[in-house]
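Okay, so here's the structure we're looking at.
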Amino acid sequence: MSSPNIIMFIRHGEKPGENGPPHGINHNGEHDSHSLSVRGWTRAGALAGLLARGPSVLHPNIVAPERIYATKSTHEYMSKREVDTVTPLAHRLSLHIDDSLNHDHVEELAQSIIDGPQPTLVAWHHGSMTDVLAKFPISNVGDIPKHWPEDRFDLIWVLSRKSEDHDYQFTSVNQGLLEGDLLSS
């Protein structure tokens, strides 16, 4: 079985403030500190538009995913933000969100990704994102930041390759979807 030629990684959309506004709300509009802020939901919708359209001149390696993974909410890690972020896209593309793994199951996630050839989107806890990338053969591993930037919700980290005979190439793509998004990494 072949593994995907394109794997995209995102952090969840913007989260609620620690001690006040902006507040988190769930998909029913109810207060939920473990869900996205209004800006986060706006990003989730904008990402659905960007990713469902597939490649563009500006983003040739941003494709419509055929598989979506998101961090599982657990008693210890109660965030629903990763699933919230990809839900509009999953609905738009009629895809299932695989949220069976929690953020420290890096090895299992990488193996599951490798087990299928489809373009894949991963919405994962930013604290373990570089650990996930370390499980793939990457030709320019030195270009990968040591950590996902703490204040960035507007990036897509992409692993792409021409064929299974090649290592992946890492690129960081700025989403440029919302006002205030940075235009460069």
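The values are calculated or read from the model by the stated rules, or taken from the named source; none is laboratory data. Since the model is a prediction, treat every value here as computed from it, not as a measurement. Quick reminder, even Gly has a Cβ in these numbers, built from the backbone with ideal geometry, and neighbours come from all protein chains shown.
Of all the residues in segment 5-23, those that are of a type in the set (A, V, I, L, M, F, W, C) and in contact with an Asp or Glu (Cβ under 9 Å, 6 or more places away or on another chain) number 1. Among residues of segment 13-37 that are surrounded by 15 or more Cβ atoms within 10 Å (Cβ to Cβ), those with a Cβ under 8 angstrom from a residue that is among the aliphatic types (A, V, I, L, M) and assigned to a loop (DSSP other than H, G, I, E, B), sequence gap 6+ or separate chain, pair up as G13/L36; E14/L36; K15/L36; P16/L36; G24/L36; I25/L36; H34/M78. Take N102 and decide whether it is out of contact with any Lys or Arg (no Cβ under 8 Å at 6 or more places or on another chain) and of a type in the set (S, T, N, Q). When the stated conditions are applied, N102 does not pass them. Among the residues of segment 127-185, those that are within 22 Å of S37 (Cβ to Cβ), surrounded by fewer than 19 Cβ atoms within 10 Å (Cβ to Cβ), charged (D, E, K, R) and under 17 Å from the mean Cα position of the chain (by Cα) comprise E150, D151, R152, D181. When segment 79-107 is filtered for residues that are among the small types (G, A, S), crowded, with 16+ Cβ neighbours inside 10 Å and not in a helix (DSSP H, G or I), only S79 remains.
Applying the criterion of being among the charged types (D, E, K, R) and in contact with a strand residue (DSSP E or B) (Cβ under 8 Å, 6 or more places away or on another chain) to the residues of segment 146-173, the residue that is farthest from I62 (Cα to Cα) is D167.
Applying the condition of being under 16 Å from the mean Cα position of the chain (by Cα) and either part of a helix (DSSP H, G or I) or without any contact (Cβ under 8 Å) to a residue 24 or more places away in the chain (or both) to segment 108-124 and asking which residue is nearest to T74 (Cα to Cα) yields L109. Annotation note: of G13, G29, G17, G24, the sole residue that is farther than 21 Å from S160 by Cβ and touching a helix residue (DSSP H, G or I) at 6+ places or on another chain (Cβ under 6 Å) is G13. Scanning segment 1-60 for residues that are in a strand (DSSP E or B) and of a type outside the set (A, V, I, L, M, F, W, C) returns G17, G20, H31. Residues in segment 57-72 that are touching an Asp or Glu at 6+ places or on another chain (Cβ under 9 Å) and buried (at least 19 other Cβ atoms within 10 Å of the Cβ): R67, I68, Y69, A70, T71. The number of residues in segment 125-145 being part of a loop (DSSP other than H, G, I, E, B), touching a helix residue (DSSP H, G or I) at 6+ places or on another chain (Cβ under 9 Å), farther than 24 Å from L58 by Cα and at pLDDT 95 or above comes to 3.
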